1. Please give the residues of the stretch 92-109, grouped as numeric ranges, whose backbone N is less than 18 Å from a label point set 7 Å along the Cα-to-Cβ vector of Asp69.
2. Given 20 °C and 1.002 mPa s, how large is the Stokes-Einstein diffusion coefficient of the stretch 89-179 in µm²/s, with Rh as the Kirkwood radius over Cα pairs?
3. Quick one: plug the Kirkwood hydrodynamic radius of the chain (C-alpha pairs) into Stokes-Einstein at 10 °C, 1.306 mPa s, and report D in µm²/s.
4. Leaving out ligands, DNA and RNA, and with a 1.4 Å probe, what % of the accessible surface on the chain is carbon or sulfur?
5. The stretch 150-193: D in µm²/s via Stokes-Einstein (Kirkwood Rh, Cα pairs, 20 °C, 1.002 mPa s)?
6. Tell me, what HN-Hα J-couplings in whole Hz come from the Karplus equation 6.51 cos²θ - 1.76 cosθ + 1.60 at θ = phi - 60° for each residue of the stretch 21-26, using x for Gly and Pro?
7. When the helix-only estimate is applied to the chain (DSSP H runs of n ≥ 4, each -39,500 (n - 2.57), divided by the residue count), what is the mean residue ellipticity at 222 nm, nearest 500 deg cm²/dmol?
8. As a test of reading the structure, rank His59, His216 by solvent-accessible area (1.4 Å probe, protein chains only), most first.
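The values are calculated or read from the model by the stated rules, or taken from the named source; none is laboratory data. The structure presented is a predicted model; accordingly, all values stated were derived computationally and were not measured. Ideal geometry is used to build each Cβ from the backbone, glycine not excepted, and the neighbour counts take in all protein chains shown. To get the accessible areas, we keep the full protein, side chains included, count just its heavy atoms, and leave off ligands, DNA and RNA. Shrake-Rupley method; radii C 1.70, N 1.55, O 1.52, S 1.80 Å.
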Amino acid sequence: MVILASRPLAPLGQPLTAFLAAAAGGTRQQAACAAVAALARAAMKIARLVGDGPLAGAHGAETGRANADGDSQVALDLQANALVLEALAEAPVAYFASEEENAILTLAAEAPVSVAVDPLDGSSNVDTNVAIGTIFSIFPTEPAGATASFFRPGAEQLAAGYFIYGPHTALVLSLGTGVALFVLDRASGDFRLARSSLAVPAQTKEFAINASNYRHWFAPVRTFIDDCLEGADGPRGKNFNMRWIASLVAEAHRIFTRGGVFLYPADRRPGYEKGRLRLLYEAFPLAFLMEQAGGGATDGIERILTRVPTELHQRTPLVFGSAEKVARIAAYHVDPALVRDHPPLFRNRSLFST
Ligand code: FDP
Ligand code: ZN
């Protein structure tokens, strides 16, 4: 993990509560820090449920219900959503947007911040004991109401982060001044600072994509991956390594640890024309964290943080990780000279069709 040496480092081992107290400035910042503390309390409970695995019940059991986006909900999706909602209801939070809710909920309309969450990311991995997580994004509340508070550029986030429930439970957090890593100390029950000023290495030889969708991809992504797969014999002149965990937080955590690039592009499958991942509570927080750590995030054409959602569960193509690689993938989308095979679609519109 690369550390940016120029930033002042908080003491390692510092409890999250002390870190937040030291960071809190004005009313909004204080409310954002209180929301992070509430999310951490929920995450500890979720971590315990995840850690108990099948002993705590059939976590991965289909509930027979689907969220507004059509994804089937497993038991732990609903438990995690309830725990996060319960914790945020006790924090100065005005509006709550969640992958598991059909509409934005009002908690305390006058409160200074609003929170969007993916309560349990990677829930298809619940029964396989693979790392899963909770992703969150904190915005200032706008007097105009719920939609104005969330339907705005991602660059206006006050704070963002994710909890990852893996062999250890960690929090990767940005309050807008760099990125810090906290690890749950099971003995004390506190999240403790483990690394300050995380930085995503600018270059990488590792990419992550669900290659089973190869035949559905549009030409720019297919050409980029073809070029990587040709390794030292191809146009890139070097060998690459591939990973796919199918758990967004776990992919992000690997990239924060050793660099790399993640792609979930739009493709030709019905329902995937705008990608799979959600703009508000998946792409925005990860893009915020990546940029705060010197990495990048794009939908192929546009920087994720300048996008403005128009729907709660809006999907987006998503590429994030090492800055140099993200820029290269964006270049494949705008420079036809880089794309070896031009299906008719690409002549009229880019890979990430809108
Ligand atoms: P999941 O549906 O299990 O919550 O958030 C969506 C997500 O997982 C990501 O965590 C993961 O990267 C992606 O879906 C995996 O999608 P595929 O199964 O299409 O590869
Ligand atoms: Zn998710």
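1. Answer for the stretch 92-109: 96-105.
2. Numbers: Rh = 14.0 Å.
In µm²/s, the coefficient rounds to 153.
3. Estimated diffusion coefficient is 78 µm²/s.
4. Details: 7380 of 13930 Å².
Answer for the chain: carbon and sulfur cover 53 percent of the accessible area.
5. Working: Rh = 11.7 Å.
Here the translational diffusion coefficient equals 183 µm²/s.
6. 4, 6, 8, 5, x, x
7. Working: 9 runs with 101 residues, N = 354.
The helix contribution divided over the chain gives -8500 deg cm²/dmol.
8. Numbers: His59 10, His216 40 Å².
Most to least solvent-accessible, the answer reads His216, His59.
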